[in-house]
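Student: Next up is a structure, given as structure tokens.
The values are calculated or read from the model by the stated rules, or taken from the named source; none is laboratory data. Quick caveat: nothing in here was measured; it's all calculated off a predicted structure. Backbone-built Cβ (ideal geometry, glycine too); neighbour counts: all protein chains shown.
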Amino acid sequence: MTAPYRYLEEIATADVAFEAWGATMEEAFLAAADATLNTMVEDIRTVSPREHRVFSLSADSLDLLLFELLQELVYHKDADRLLLRVRDLRIEEAGSGYRLRAEASGETIDPGKHPLLADVKAVTLHRLSVEKTPSGWRAVVVLDV
Amino acid sequence: MPVPSDIIRISDTVWEIPVSHKAGMLVPARIFATEALLSAFDDGVFEQITNVATLTGIVGHACCMPDGHWGYGFPIGGLAAMDPVHGVISPGGIGFDINCGMRLCLTNLTYEEVRPRLRSLVDRIAGRVPAGVGVEGTVRISRDEFRHVVEQGSRWAVKSGFGWKEDLERTEEGGCLAGADASRVSEKAVDRGYRQIGTLGSGNHYLEIQVAKAENVFDQDTARDFGIVLPDQVVVMFHCGSRGFGHQVATDYLRIFVAAMHGKYRIHVPDRELACAPFRSPEGQDYFAAMKCAVNMSFVNRQVILHRIREVFSEVFGRDPKDLGMRQVYDVSHNTAKIERHDFEGKPRELLVHRKGATRAFGPGMPGLPDVYRKTGQPVILGGSMETGSYLLAGVDSAASTFFTTAHGSGRAMSRTAARKRFRGRQLQEQMEERGIYVRTASWSGLAEEAGPAYKNVDDVVEATERAGLSRRVVRLLPVGNVKG
């Protein structure tokens, strides 16, 4: 099965841009989380689910909610040296914005086990979007590496 | 996007896009480049630099250096000076890697003396200066002490034994930007940074052993004043920043600024990455104080790395680093915002100067330079690609139009994904070794992304800065050993 994301060459010369998609909003968010992990690790299947984290996040808009989720992955990469794969995720409307609850699992960075790529510095707001398409949902993200 | 049709040629290296180009532009945009570099600029530079020209309080011109390329918000190579009373501060004008910069260290060794021990030097440095995704350094301090460290900058490092007192005066801002306030920094930023002192990072960050060949010295007097005195003298150059700490500070405030800009200050910008707040506002001042902590973290990071390099050379050659002449030439920062005093429209004015992928390049005699460089102008360290070479430049009197700012590197010309498709890391390593450059990398695909052809020609960029009167060439430095992040 091909991954539900694709890296884009035409945006952001020095950084990493990708689009991620899914039939539902949740699937598109999961795909974007995998694309972020895949920016740091060549094969995300090498990341075993040994440690777990739960994220409860909220934002005024869907794209900023995705920013918050991906930012958590970048944070834990440095703070706990953890590579995380988001495995379960639910989004609901809350007042004028959105709320997200996600469960992520992964393990400590081990260059012997995880073929490493680039260190993601940050999630940018450049061209950031989450939108509904005729076939589902699509997100575009630029990561600073 | 092609070069805008309304661009005006001011000289053969200065191009201006007038305020009539786009609604909301407050000042013209100026691009410093030869015609060849200008026509090769990637999509987005023109759009982004003209967006910068719409920011409240911008004075003079929104400028882009010859190594400019597409960034987010500001282009890389972007420069904007703001009126500190009426203007804004924008984290997007500084970048996520706050105080990403370059440091250059001398040795009194020649390439002949270093060559037999090159592998050993590179391998040991790679072991002592951790690089790659999420790496930790060897300096163990508590979270609380880290908050103290980021207020003190390199002064803490030197006091703790990581360097020499003279390193401080040979660092921009003396290695400590005054006014850093760690209470403006989130716990998350501390979590990400407190174990990362002395680490290189990844992407375009590197540490290089280089050679100054006699034929590559452009100005012998200045080279001598900078410490380049021997034929084939070996030097060490490295490029890195404030690591996860700075990245988190930038992220935290980007979030705060996006909310405050729309709700509280009613500022509209063409791109959310240009999120900004009035400099004098609580948000603006909090960010400025937190950003200074990240600036200082970066100085500390490079100070500790310098110390590790001295340790390794000392072990390999069995001599004291002082005896090996391992003096620091300078440390320059290329992602900052600083309050500086400049002559503007005939009178001295305080300005908030944003530099994103652009280097301060003070001319001779300017305040802020250490005595040793008062006559020469500021040393400017410009990193090229790992295959082609780098430069040591000097600041000049004629750079007032860019508030004494020049380029920072050769500038990417090819996207990372495209470079990865075109080059193979292992193969590249072998090819470079055949050409006398020994490389160690934390990531093969990361190495491929940094291949020489992924960058603009560094000679063209540097020549453009000289012709435009922004800086002048002193020495071209060739890589012989490289640790890639």
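Student: Counting only residues that are small (Gly, Ala, Ser) and modelled with pLDDT of 95 or more, which one in region B:443-476 is surrounded by the fewest Cβ atoms within 10 Å (Cβ to Cβ)?
Tutor: B:469
Student: Same structure again: Here is a check on your reading of the model: is residue B:255 part of a loop (DSSP other than H, G, I, E, B), without any contact (Cβ under 8 Å) to a residue 60 or more places away in the chain and either in contact with a Lys or Arg (Cβ under 8 Å, 6 or more places away or on another chain) or within 14 Å of chain A (Cβ to nearest Cβ) (or both)?
Tutor: No.
Student: Just checking, how many residues over region B:1-18 are under 22 Å from residue B:43 (Cβ atoms), without any contact (Cβ under 8 Å) to a residue 40 or more places away in the chain and not polar (S, T, N, Q)?
Tutor: 8
Student: Could you list all residues from region A:88-106 that are within 24 Å of residue B:244 (Cβ to Cβ) and touching a helix residue (DSSP H, G or I) at 6+ places or on another chain (Cβ under 9 Å)?
Tutor: A:100, A:102, A:104, A:106
Student: What's the number of the only condition in (1) part of a strand (DSSP E or B); (2) within 14 Å of chain A (Cβ to nearest Cβ); (3) not aliphatic (A, V, I, L, M) that residue B:63 fails to meet?
Tutor: (2)
Student: Answer yes or no: is there a residue in region B:455-464 that is within 14 Å of chain A (Cβ to nearest Cβ) and outside any strand (DSSP E or B).
Tutor: Within region B:455-464, one or more residues are within 14 Å of chain A (Cβ to nearest Cβ) and outside any strand (DSSP E or B).
Student: Return only the number of the condition from (1) modelled with pLDDT of 95 or more; (2) surrounded by fewer than 16 Cβ atoms within 10 Å (Cβ to Cβ) that residue B:160 does not satisfy.
Tutor: With respect to (1) modelled with pLDDT of 95 or more; (2) surrounded by fewer than 16 Cβ atoms within 10 Å (Cβ to Cβ), residue B:160 is out only on (2).
Student: Can you find, within region A:45-65, the residue that is nearest to residue A:7 (Cα to Cα) among those that are among the aliphatic types (A, V, I, L, M) and more than 13 Å from every other protein chain (Cβ to nearest Cβ)? Break it down into steps so the answer makes sense when it comes.
Tutor: Initially, region A:45-65 is screened for residues among the aliphatic types (A, V, I, L, M), giving A:47, A:54, A:57, A:59, A:62, A:64-65.
Of the ones still in play, those that are also more than 13 Å from every other protein chain (Cβ to nearest Cβ) are A:54, A:62.
Numbers: A:54: 27, A:62: 21 Å.
So the residue we want is A:62.
Student: Determine which single condition residue A:114 fails, assuming it passes every other condition in (1) over 21 Å from residue B:91 (Cα atoms); (2) more than 9 Å from chain B (Cβ to nearest Cβ); (3) crowded, with 18+ Cβ neighbours inside 10 Å.
Tutor: (2)
Student: So if I check each of A:94, A:104, which one is of a type in the set (Gly, Ala, Ser), away from every other protein chain (no Cβ under 13 Å) and out of contact with any Lys or Arg (no Cβ under 6 Å at 6 or more places or on another chain)?
Tutor: Just one listed residue meets the conditions, A:94.
Student: With the structure loaded, tell me whether residue B:124 is surrounded by fewer than 24 Cβ atoms within 10 Å (Cβ to Cβ) and touching a residue at least 24 places away in the same chain (Cβ under 8 Å) or whether it fails that test.
Tutor: Taking the combined requirement at face value, the residue satisfies it.
Student: Would you be able to tell me the number of residues in region B:384-422 that are hydrophobic (A, V, I, L, M, F, W, C) and within 14 Å of chain A (Cβ to nearest Cβ)?
Tutor: 4
Student: Still on this structure, please answer the following. Which members of region B:348-367 meet the condition of being out of contact with any Ser or Thr (no Cβ under 8 Å at 6 or more places or on another chain) and at pLDDT 95 or above?
Tutor: Passing the criteria: B:348, B:349, B:350, B:351, B:352, B:356, B:357, B:362, B:365, B:366.
Student: If you go through region A:68-75 one residue at a time, do you hit one that is in a strand (DSSP E or B) and more than 9 Å from chain B (Cβ to nearest Cβ)?
Tutor: Within region A:68-75, none of the residues are in a strand (DSSP E or B) and more than 9 Å from chain B (Cβ to nearest Cβ).
Student: Being away from chain A (no Cβ under 14 Å), under 19 Å from residue B:101 (Cβ atoms) and not hydrophobic (A, V, I, L, M, F, W, C) is true for just one of B:167, B:181. Which residue is that?
Tutor: On the way: B:181 fails: under 19 Å from residue B:101 (Cβ atoms).
None of the others qualify; the one that does is B:167.
Student: OK, next. Before we move on, is residue B:190 over 22 Å from the mean Cα position of the chain (by Cα) and within 14 Å of chain A (Cβ to nearest Cβ)?
Tutor: yes
Student: Across region A:30-63, what is the number of residues that are free of Cβ contacts under 8 Å to residues at least 12 places away in the same chain and crowded, with 21+ Cβ neighbours inside 10 Å?
Tutor: The qualifying residues number 0.
Student: Taking interchain pairs and intrachain pairs at least six residues apart, which have beta carbon atoms under 7 angstrom, with the first residue in region A:2-29 and under 21 Å from residue A:71 (Cβ atoms) and within 14 Å of chain B (Cβ to nearest Cβ) and the second part of a loop (DSSP other than H, G, I, E, B) and among the β-branched types (Val, Ile, Thr)?
Tutor: Pairs that qualify, where the first residue is under 21 Å from residue A:71 (Cβ atoms) and within 14 Å of chain B (Cβ to nearest Cβ) and the partner is part of a loop (DSSP other than H, G, I, E, B) and among the β-branched types (Val, Ile, Thr), are A:15/A:145; A:16/A:145; A:17/A:11.
Student: Just one of B:11, B:5, B:20 is touching a helix residue (DSSP H, G or I) at 6+ places or on another chain (Cβ under 9 Å) and surrounded by fewer than 24 Cβ atoms within 10 Å (Cβ to Cβ); which is it? Even if it seems obvious, please write down each step before you answer.
Tutor: Working: B:5 fails: touching a helix residue (DSSP H, G or I) at 6+ places or on another chain (Cβ under 9 Å); B:20 fails: touching a helix residue (DSSP H, G or I) at 6+ places or on another chain (Cβ under 9 Å).
Within the list B:11, B:5, B:20, the selection yields B:11.
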